[in-house]
């Protein structure tokens, strides 16, 4: 194909057609674009709340285990990443043990407060590699990924579910199953 003055000879002197976009920028046909733009200007977009407290507890304990396994794995090749993994794992485990939800042991924190602690833990995981000086190393990817996943789990968790449930047994009193009667 021969170029003459910026116009191709093949198309009869017409400029080549622009490539078709791979995604739609039309808000009516692309709800993801709408959510993105709405988030950019601060318009709240409701996320479906499909993660209940029991599922959230399972995810929390799995996350703590993942962080402890990562700390063990990183211990020799990157001690700073191992320390950050141990701190994150301890934070997740501690919040889980003290939360009033299925799987909580001492039940001193409300599920809503637990959600706020999840946000702090996600910020620690996301910023920790930069704060500890290993943001460009491969171990940092685990923390960045976990911060992103934690943000999605927080958005999809119904943190009001525990406030709506009826309290029917002594173990639901928030005392971790210990009776406060004398």
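The table below lists the values:
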read-out: Hits in segment 45-62 - residues which are without any contact (Cβ under 8 Å) to a residue 60 or more places away in the chain and closer than 19 Å to residue 124 by Cβ; value: 60, 61, 62
read-out: So residue 152, is it modelled with pLDDT under 95, part of a helix (DSSP H, G or I) and either surrounded by fewer than 16 Cβ atoms within 10 Å (Cβ to Cβ) or in contact with a helix residue (DSSP H, G or I) (Cβ under 7 Å, 6 or more places away or on another chain) (or both); value: yes
read-out: Segment 50-62, subset over 19 Å from residue 147 (Cα atoms) and surrounded by fewer than 17 Cβ atoms within 10 Å (Cβ to Cβ), residue farthest from the chain's Cα centre (by Cα); value: 54
read-out: Hits in segment 63-88 - residues which are surrounded by fewer than 21 Cβ atoms within 10 Å (Cβ to Cβ), without any contact (Cβ under 8 Å) to a residue 60 or more places away in the chain and closer than 15 Å to residue 122 by Cα; value: 64, 86, 87
read-out: Residue that is touching a strand residue (DSSP E or B) at 6+ places or on another chain (Cβ under 9 Å) and within 26 Å of residue 135 (Cβ to Cβ), where the choices are 100, 118; value: 118
read-out: Among (1) within 26 Å of residue 159 (Cα to Cα); (2) surrounded by 14 or more Cβ atoms within 10 Å (Cβ to Cβ); (3) touching a helix residue (DSSP H, G or I) at 6+ places or on another chain (Cβ under 7 Å) - the single one residue 134 does not satisfy; value: (1)
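Residue-by-condition table, conditions (1) under 22 Å from residue 157 (Cβ atoms); (2) under 14 Å from the mean Cα position of the chain (by Cα); (3) outside any loop (DSSP other than H, G, I, E, B); (4) modelled with pLDDT of 95 or more:
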| position | (1), (2), (3), (4) |
| --- | --- |
| 69 | no, no, yes, yes |
| 73 | no, no, yes, yes |
| 76 | no, no, no, yes |
| 84 | no, no, yes, yes |
| 89 | yes, no, yes, yes |
| 92 | yes, yes, yes, yes |
| 95 | yes, no, yes, yes |
| 103 | yes, no, no, no |
| 113 | yes, no, yes, yes |
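The values are calculated or read from the model by the stated rules, or taken from the named source; none is laboratory data. Values in this document were obtained by computation on a predicted structure and should not be read as measured data. So basically every Cβ, Gly included, is an ideal-geometry build from the backbone, and we count neighbours across all protein chains shown.
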